[in-house]
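To start, the structure under review is shown below, and the notes come after it.
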Amino acid sequence: MPCSEKKLTEEGLSCRSPRIIYHDGKGTLVYLAHKTFGPHHSCGQLYAINLASKERRLLVDAVWESDLDSEDFERSFPGLYVEQLPIRPFVILNSSPHILLQSVRTHFATIYIVSLKTGTIQEVTHADPQAGRGKNYSWTIFGTDGARNFLCARSRIDVPNELVLGTFSAPHSAQLRLIDSPPLAPEGAPSSLNMSKEIYN
């Protein structure tokens, strides 16, 4: 069958990691981008394109300066430092599509949720000190169920990867449940799988 191609992105952008969601009869393409010829692993941008109208929107812009000495740095957004988006990154909250991604923040990786409607970005894994920065965990997201659940892992220098199930009750609120924590048995001692029922918000 004959086909034709059409360029969707503008000149001057290096684009990658395209992901498509169909919601309410509309298709949306989401992707990461950097300025062409810019430095490697620089702060990136997140774009969305309406596949019907070809309208392109900038959801999350690059942050050129982050004030590391600011008292509000813990609450500030330093920008996206993302290699790839998850294969299945979308959730539907309050009948609105959102995308989940992980990004490096100083010395650890954290998970953000971005509204495809407004571009609002919120950090998911810092609300409780058990879950995020207070314990110096670094997070990796594996994917979502396309509704409100997502699977991810957390680790730190003295803790191997632990499996965590997240469930959103609202865009700003996710319940994180630790479902698999590898045992750290003494050398030579047999180990068994440790299934924790710990739940925290």
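What follows draws every value from the coordinates through simple rules; no lab data is involved. From a predicted model like this one, the values you see are computed outputs, not experimental measurements. Positions of Cβ are generated from backbone atoms using ideal geometry, with glycine treated the same way; all protein chains shown enter the neighbour counts.
Points worth noting:
- Simple spin-label estimate for Thr9 and Leu51 in nanometres, 7 Å along Cα-Cβ: 1.8 nm
- Taking label positions 7 Å along the Cα-Cβ direction at both His107 and Ala170, the computed distance is 3.4 nm, reported to one decimal.
- Across the range 57-64, rounded Karplus estimates of 3J(HN,Hα) from the backbone phi angles (6.51 cos²θ - 1.76 cosθ + 1.60, θ = phi - 60°) give 10, 8, 7, 10, 8, 5, 9, 8 Hz, Gly and Pro being marked x.
- For the range 103-118, Karplus couplings with θ = phi - 60° (6.51, -1.76, 1.60), whole Hz, Gly/Pro x: 8, 6, 9, 6, 9, 9, 9, 10, 10, 10, 10, 10, 6, 6, 8, 10
- Taking amide H positions as modeled 1.01 Å from N, with prolines and chain starts lacking one, the residues under 5 Å from Leu13 and 5 or more places away or on another chain are Thr36.
- Highest average first, the peptides 24-36, 78-90 ordered by how many other beta carbon atoms sit within 10 Å of their residues are 78-90, 24-36.
- Amide H partners (placed H, <5 Å) of Leu80, local residues excluded: Gly44, Val63
- Cα pair distances exceeding 11 angstrom across the range 1-51, given as percent: 73 percent
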